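Rule-based calculations on the coordinates, nothing more; no lab input. Please read these numbers as outputs of a predicted model, since none were measured by experiment. No Cβ is skipped: glycine too gets one built from the backbone with ideal geometry, and neighbour counts run over all protein chains shown.
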Amino acid sequence: MAHMQPLPKETTPELADDFAIFEQILGFVPNSLLTMQRRPDIVRGFGVLTKAVMAQDGSVDLGFKRLLAHFSSRAAGCQYCEAHSLIAAKIHGISDEKVAAVWEYQTSPLYSDAERVALDYALAAGSVPNAVDEPLMARMRAYWEEDEIVEILGAICLYGFLNRWNDSMATDLEDAPKALGKKVLAQGGWTGGKHV
């Protein structure tokens, strides 16, 4: 059970445009934002950051950015964000097959070498203490340009905020991500933790 209950989205009508950003990303307004709306400027600021990090004109695929978010959330242990990021990955073009192979990313032919190293980077960057080192950066530079690495790290860091928020609040997981977690993530040990 959540440590703080989300408020109905109608509680703060002036956040309708901000909530719409997340309805496009996920298909619903997440409970994290419905809790966060107690301080509307936090929702607004997070919306601005989200639009910048997940910009349509970026050079890193939007669906792949959500996979990066999944792996950084896995490293941080936030089961809420693990499930949310996979829902968003599917909405943004990652195939069901690729999502289903998320636990085998190192060996699955559905993942390229460039994706594998970036997902390794997301795991390292999402860890505490941070595990990004020079050899990993050299591997990243073999596949990704510096502006792409900045975009990749932006996605990882965006979810770093959410990982801390949702685990600290024990945010209740919504039905769609919970179902995906049970279908895909449970095979790797995901239980939903404090979020179900």
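Brief remarks follow.
- Axial C-alpha extent at least 24 Å, average Kyte-Doolittle at least 1.6 - helices from the chain (DSSP): none
- Ranked by the mean number of other Cβ atoms within 10 Å of their residues, highest first, the peptides 35-44, 176-185 fall in the order 176-185, 35-44.
- Gain on full stretching of the segment that runs from L7 to A179 - 0.36 nm per residue minus C-alpha separation: 59.6 nm
- Order by protection proxy (mean Cβ within 10 Å, highest first), peptides 85-93, 69-77, 11-19: 69-77, 85-93, 11-19
- Relative contact order computed over segment 1-151 (Cα-Cα under 8 Å; 6+ residues apart), in percent: 19 percent
- For K9, the aspartates and glutamates whose Cα comes closer than 20 Å to its Cα, not counting residues fewer than 8 places off in the same chain, are D17, D18, E23, D41, D172, E174, D175.
- Summarising the label geometry, the points placed 7 Å from Cα in the beta-carbon direction at S112 and Q56 lie 2.3 nm from one another.
- Counting only residues at least eight positions apart within a chain, or on another chain, the lysines with an alpha carbon under 18 Å from that of K98 are K65, K90, K182, K183.
- Rounded to the nearest 500, the 222 nm mean residue ellipticity of the chain from helices alone is -18500 deg cm²/dmol, with -39,500 (n - 2.57) taken per DSSP H run of at least 4 residues.
- Principal axis box of segment 12-53, alpha-carbon based, largest edge first, Å: 22, 19, 16
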